[in-house]
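Have a look at the structure below, then the notes.
Laboratory data are not the source of any read-out in this text; all were calculated from the coordinates shown. What you see is a predicted model; the values in this text were computed from it and never measured. Positions of Cβ are backbone-derived with ideal geometry, glycine not excepted, and every protein chain shown enters the neighbour counts.
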């Protein structure tokens with residue numbers, strides 16, 4: 001009950017109606033809400049672009065995902081008799097990220113189910129924000145992938161022609177669905193991949209700008225990187241995790257992903273399969289990533305290595321989702337191993 | 001200008017808010033009708049009263065003495081009569097023994113004769129510092145004569161004068177460096193003589209360029225005859241004025257955990273303490289006056305006041321024209337480490353450096369939420385601790401298991417709680433941890 005005591009002390013009001021609390025009396029203007037809503041804002045440009053790439057369907061599926069996450073958060077907190085904190089933006093962010101990692105052509109029922117699993121089981125049953133040890137959005141995706149494997153691996157939409165953003169409404173998804181680049185590469189080989197998506201500069205260009213099949217978060221690498229750099233500039237995330245994740249994916253893909261050693265395509269490896277979304281927005285989630293700089297780099301490199309391992313040897317074309325989920329619970333362990341350096345140990349050796 | 005130095009680990013940049021009072025010269029506040037002197041002004045044993053009720057006292061006369069243990073005598077700041085020996089409200093210890101003095105109406109200021117301190121030997125100077133009741137007036141309140149007599153096992157080679165004044169709002173030291181410049185430099189030389197060393201650095205943050213300039217000139221003029229005094233400009237970063245951080249910034253030496261600065265051959269004194277040493281050694285004048293910054297939007301007229309120790313805050317408020325609507329918090333000390341008080345009955349002590357009257361928009365009263373483990377507190381902590389873990393442990397009722405996180409290294413600067421986006425009362429958690437955890 002110390003927690004309650006602390007909050008009461010914080011707002012205890014003296015006889016003169018002045019507030020009395022323990023120092024510091026000055027606090028920075030940053031807040032959890034500000035951080036969460038800023039990240040949400042950084043995800044808006046790729047979302048808007050996705051409407052022009054895949055059609056209005058992406059907006060619809062994102063709205064369903066966000067609304068169900070917020071509703072599930074409110075209901076969970078009510079049911080668990082905790083203060084309702086939907087205004088802090090964390091459920092909105094989870095909803096957006098979840099919509100970004102599922103195929104845009106799936107039935108709206110899927111994100112609703114995923115929201116229940118991610119927010120109620122994955123977050124609030126474990127203690128709420130700060131105590132969940134898996135990234136809720138990725139947990140939702142993993143749950144869907146296990147429960148609806150066909151929809152989750154086939155409901156991809158090819159980019160629309162011109163501005164025909166409403167063209168998929170009313171049509172059966174099966175009629176238009178296509179395969180993602182990594183799936184083509186994995187299942188049909190490099191030749192089919194080159195035939196389908198081209199090669200060289202035009203390939204990188206279309207992947208970087210977002211015109212190729214995939215989920216929302218896999219499309220516009222350019223806008224996602226832009227948002228990520230803004231978050232680093234604001235000090236909300238540090239470079240350690242994104243750089244180590246992407247760097248290790250690039251290096252390991254270059255070594256192992258080609259026909260021979262050292263002949264893989266590192267740029268393609270980074271630009272495909274949601275690596276950028278994962279590196280900047282998922283792996284950097286405060287709660288489920290380490291806090292110390294050294295552990296952050298180890299955490300990032302491990303995620304990159306597991307991603308490449310799953311992509312090359314595993315059963316899925318894409319690996320970063322599971323790589324992050326596998327490393328999430330290890331982050332506290334890493335923080336336990338790599339403690340911050342103390343100012344100065346006691347004289348006569350550290351205790 | 002010399003390159004700006006600073007400490008290496010952690011630290012934060014809160015807004016400075018110093019403009020309100022930085023330009024206001026030190027103003028002498030008229031003596032109120034009554035003073036209330038807390039008997040425990042310093043770290044160590046509180047004084048025992050040497051006067052009785054209704055006794056007449058003279059300005060500068062001893063009214064309390066430490067009979068056993070660490071401490072310094074307490075002097076009457078005025079001519080007057082002992083009204084009561086009772087208790088007084090104290091921001092931390094609720095109620096403490098104190099002496100109340102009714103100020104005489106026909107008081108005459110005593111004349112302190114100037115002496116040349118060069119002709120007084122070390123031991124005699126040290127005695128004068130003790131007799132004058134000088135303590136570290138920067139905040140800690142450690143008896144100065146003890147600090148100036150370090151154990152022979154740890155020889156001292158450097159004196160640091162602390163003019164960093166890194167807390168927002170406060171400008172009392174800044175004003176004293178501008179207005180009592182020569183006295184502070186002389187005080188530094190007296191301290192150097194007592195310590196038997198020659199080197200003194202004065203650390204001043206670069207947001208006080210006028211003080212750096214004036215003090216540098218005086219330091220240069222005062223150097224020679226075996227004394228080297230040098231002003232070292234510092235980057236603006238909180239908590240630069242913390243003893244260990246200041247020592248690292250200027251000398252590069254790191255004071256080990258649980259150790260005193262003398263362990264690395266350094267003695268640190270506040271610039272205002274140097275002025276008090278000067279008054280004690282040259283005039284034999286005891287320490288019973290204090291320069292206090294009064295600031296914030298909640299007070300009618302902000303000021304830097306020279307007040308008698310024992311002046312009640314209420315009297316200061318009346319003198320400055322009263323309170324302003326919207327006052328939310330009254331703080332004794334700076335906004336980062338000061339104590340919020342609930343009554344204007346609290347008297348000024350020798351260690352009071354500021355009284356802040358803050359309105360709703362100047363303080364943060366947002367409720368705290370769960371830790372999101374962003375790790376910002378790890379980056380902010382100047383001691384390399386893990387405040388977030390300590391907070392989580394304390395919340396989970398495991399306060400006694402927090403010693404491995406280094407709770408006892410924490411000097412409660414509040415940098416962690418300042419940056420915390422979840423507004424967690426981390427200093428409060430750490431204080432709880434300190435109460436329960438076992439000291440290594």
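To the nearest ten degrees, helix A:32-54 and the longest principal axis of the Cα atoms of chain A are 10 degrees apart. As a proxy for reagent exposure, A:25, B:368 were ordered by neighbouring Cβ count within 10 angstrom, fewest first; the result is B:368, A:25. Between 0 and 90 degrees, the angle of helix A:200-209 with respect to the longest Cα principal axis of chain A falls at about 40 degrees.
Roughly how compact is the stretch B:133-283, stated as its Cα Rg over 2.2 N^0.38 Å to two decimals? Spell out each step's value before the answer.
Working: Rg = 13.9 Å, N = 151, 2.2 N^0.38 = 14.8 Å.
Compared with the compact-globule rule of thumb, the stretch B:133-283 sits at 0.94.
Exposure proxy check: B:167, A:73 ranked by fewest other beta carbons within 10 Å? Working shown, then result.
On the way: B:167 31, A:73 28.
If I rank by nearby Cβ atoms, fewest first, I get A:73, B:167.
Treating each Cα of the stretch B:376-436 as one equal point scatterer and applying the Debye formula with no solvent, the log10 of I(q)/I(0) at q = 0.21 Å⁻¹ comes out as -0.68. Residues of the stretch B:328-355 with backbone nitrogen within less than 12 Å of a virtual label 7 Å along the Cα-to-Cβ line of residue B:210, please, listed as ranges. Zone members listed by number: none at all.
Indicate, rounded to the nearest 5 percent, the antiparallel portion of the DSSP beta bridges found entirely in the protein assembly as shown. Present the calculation step by step, with values, prior to reporting the outcome.
Working: 42 of 68 bridges.
That works out to approximately 60 percent antiparallel.
Here the alpha carbons of the stretch B:40-187 define both size measures, Rg and Dmax, at 17.5, 52 Å.
With the alpha-carbon atoms as the only input, what is the per residue convex hull volume for chain B in Å³?
On the way: hull volume 61.9 nm³, N = 440.
Each residue corresponds to 141 Å³ of Cα convex hull volume.
With q set to 0.05, 0.06, 0.07, 0.10 Å⁻¹, the log10 of I(q)/I(0) for the protein assembly as shown, from the Debye formula over equal scatterers at the Cα positions, is -0.35, -0.49, -0.62, -1.00.
Here's the picture: a label point sits 7 Å out from the Cα of residue B:111 along the beta-carbon direction, and within the stretch B:39-78 the residues with their amide nitrogen under 20 Å of it are B:58-61, B:78.
Can you pull the semi-axes for the stretch A:188-336, root of five times each eigenvalue of the Cα gyration tensor, sorted largest first, whole Å?
Details: eigenvalues 136, 64, 30 Å².
Semi-axes, largest first: 26, 18, 12 Å.
Label positions at residue A:147 and residue B:230, each projected 7 Å from the Cα along the C-beta direction, are separated by 7.0 nm.
Given R₀ = 25 Å, FRET efficiency for residue B:140-residue B:104 by Cβ-Cβ distance, to 0.05?
Given R0 = 25 Å and the Cβ-Cβ separation, E is 0.15.
Between residue B:221 and residue B:54, what is the FRET efficiency for a Förster distance of 51 Å, r being their Cβ-Cβ separation, to the nearest 0.05? Using R0 = 51 Å, I get an efficiency of 0.55. For the stretch B:269-328, taking Cα atoms only, Rg and Dmax work out to 14.5, 46 Å respectively. Taking each DSSP H run with n ≥ 4 as -39500 (n - 2.57) and averaging over every residue of chain A yields -17500 deg cm²/dmol at 222 nm. For the stretch B:248-293, the equivalent ellipsoid derived from the Cα gyration tensor has semi-axes of 28, 12, 10 Å, listed largest first. By the count of other C-beta atoms within 10 Å, a proxy for reagent exposure, A:341, B:189 are ordered fewest to most as A:341, B:189. DSSP beta bridges confined to chain B are antiparallel in about 60 percent of cases.
A Förster radius of 56 Å combined with the Cβ-Cβ distance from residue A:255 to residue B:157 puts the calculated FRET efficiency at roughly 0.50. Mean partner shielding of peptide B:401-408, defined as the number of other chain Cβ atoms within 10 Å of each residue Cβ, is 2.
Rounded to the nearest 500, what is chain B's calculated 222 nm mean residue ellipticity when only DSSP H runs of at least 4 contribute -39500 (n - 2.57) each, over all residues?
On the way: 13 runs with 109 residues, N = 440.
For chain B, the value works out to -7000 deg cm²/dmol.
What ratio of Cα Rg to 2.2 N^0.38 Å holds for the stretch B:82-137?
Values: Rg = 17.2 Å, N = 56, 2.2 N^0.38 = 10.2 Å.
So the Cα radius of gyration is 1.69 times the expected 2.2 N^0.38 Å.
For chain A, the longest principal axis of the C-alpha atoms and the axis of helix A:181-197 are separated by about 50°. Each listed q (0.16, 0.25 Å⁻¹) maps to a log10 I(q)/I(0) for the stretch A:33-77, found by the Debye formula over equal Cα scatterers with no solvent: -0.53, -0.94. When the Cα convex hull of chain A is projected onto planes of every orientation, the mean area is 22.5 nm².
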